[in-house]
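> Pasting a structure below so you can have a look.
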Amino acid sequence: MTRFLIFAGLLFAGGLSAQHCPFDATGIIVVNIHCSSDTANITNLEVILMDSLGKVVGEFWRNPDKITYHGPIDCNHRADVTRMRFPFAKDNYVFVGAINLLNKPHTISIRDIDGKKNGGNFASVLVKLTKSEVYSLCGTYKMEVYPEEYHDQKVVYKPLEICLSTN
């Protein structure tokens, strides 16, 4: 009986600290920002995620061409997500955060920070986000194509499309 209790205690304790996936409870927002005449992403934009009070939550970055982060990813080793490539996100702008991030209203602020160097002097815009723009990274972060079915819910992945106009 004592052996069983020790085994059960170890099993229970181990289960409490176990992590299903390196990106449990983590979501990604993917944004394709282009102009009306071209669907290619516009480079050198400042893309900021803000809460409902206008406070900066974080900054988007361009999904890198290749992974430059090498090392373990788990509860004890948090990856630098700005150095990871999320294949399904292609060359779009990405933001990684808590999956429940958008339970409250958030906005994306987009500003052209280099003027004509990126092909145009683009007008700044604010875009309101909804929960449907956050996709779970748990089990999907290495995938080339984001799955259409996730936890018995139909999730059709599509980056948020934002079309900028020139000033």
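The values are calculated or read from the model by the stated rules, or taken from the named source; none is laboratory data. Keep in mind it's a predicted model, so treat the numbers as computed, not measured. So basically every Cβ, Gly included, is an ideal-geometry build from the backbone, and we count neighbours across all protein chains shown.
> Evaluate the following for Lys55: is it of a type in the set (Lys, Arg), exposed (fewer than 11 other Cβ atoms within 10 Å of the Cβ) and out of contact with any Ser or Thr (no Cβ under 8 Å at 6 or more places or on another chain)?
yes
> Which of the numbered conditions does Ile110 fail, given that it passes all the others? Conditions: (1) within 16 Å of Leu164 (Cβ to Cβ); (2) surrounded by fewer than 17 Cβ atoms within 10 Å (Cβ to Cβ); (3) at pLDDT 90 or above; (4) not hydroxyl-bearing (Ser, Thr, Tyr).
(2)
> In region 147-162, which residue that is of a type outside the set (A, V, I, L, M) and at pLDDT 85 or above is surrounded by the most Cβ atoms within 10 Å (Cβ to Cβ)? Give the derivation first.
Taking region 147-162 first, the residues of a type outside the set (A, V, I, L, M) are 147-154, 157-159, 161.
From the residues that got through so far, the ones that are at pLDDT 85 or above too are 157-159, 161.
Working: Tyr157: 16, Lys158: 11, Pro159: 22, Glu161: 11.
It comes out as Pro159.
> Taking region 136-145 as the region of interest, how many residues are at pLDDT 85 or above, surrounded by 15 or more Cβ atoms within 10 Å (Cβ to Cβ) and within 20 Å of Asp65 (Cα to Cα)?
Of the residues in that region, 1 qualify.
> Can you find even one residue in region 86-105 that is free of Cβ contacts under 8 Å to residues at least 12 places away in the same chain and among the hydroxyl-bearing types (Ser, Thr, Tyr)?
no
> Please give the strands (runs of 3 or more DSSP E) falling wholly within region 90-140 in which 1 or more residues are hydroxyl-bearing (Ser, Thr, Tyr).
Hits in region 90-140: 93-98, 106-112, 134-136.
> Could you list, in sequence order, the residues of region 65-78 that are of a type in the set (Val, Ile, Thr) and either within 12 Å of Phe23 (Cα to Cα) or at pLDDT 90 or above (or both)? Explain how you work it out, then say what you get.
First pass over region 65-78, keeping only residues of a type in the set (Val, Ile, Thr): 67-68, 73.
Passing the criteria: only Ile73.
> All but one of (1) in a loop (DSSP other than H, G, I, E, B); (2) closer than 22 Å to Ser132 by Cα; (3) free of Cβ contacts under 8 Å to residues at least 60 places away in the same chain hold for Phe23, so report the exception by its number.
Single failed check for Phe23: (3).
> Also, quick follow-up: Select from region 32-64 the residues that are among the charged types (D, E, K, R) and either in contact with a strand residue (DSSP E or B) (Cβ under 7 Å, 6 or more places away or on another chain) or modelled with pLDDT of 90 or more (or both) and list them in ascending order.
Within region 32-64, the subset among the charged types (D, E, K, R) is 38, 46, 51, 55, 59, 62.
Hits for region 32-64 are Glu46, Asp51, Lys55, Glu59, Arg62.
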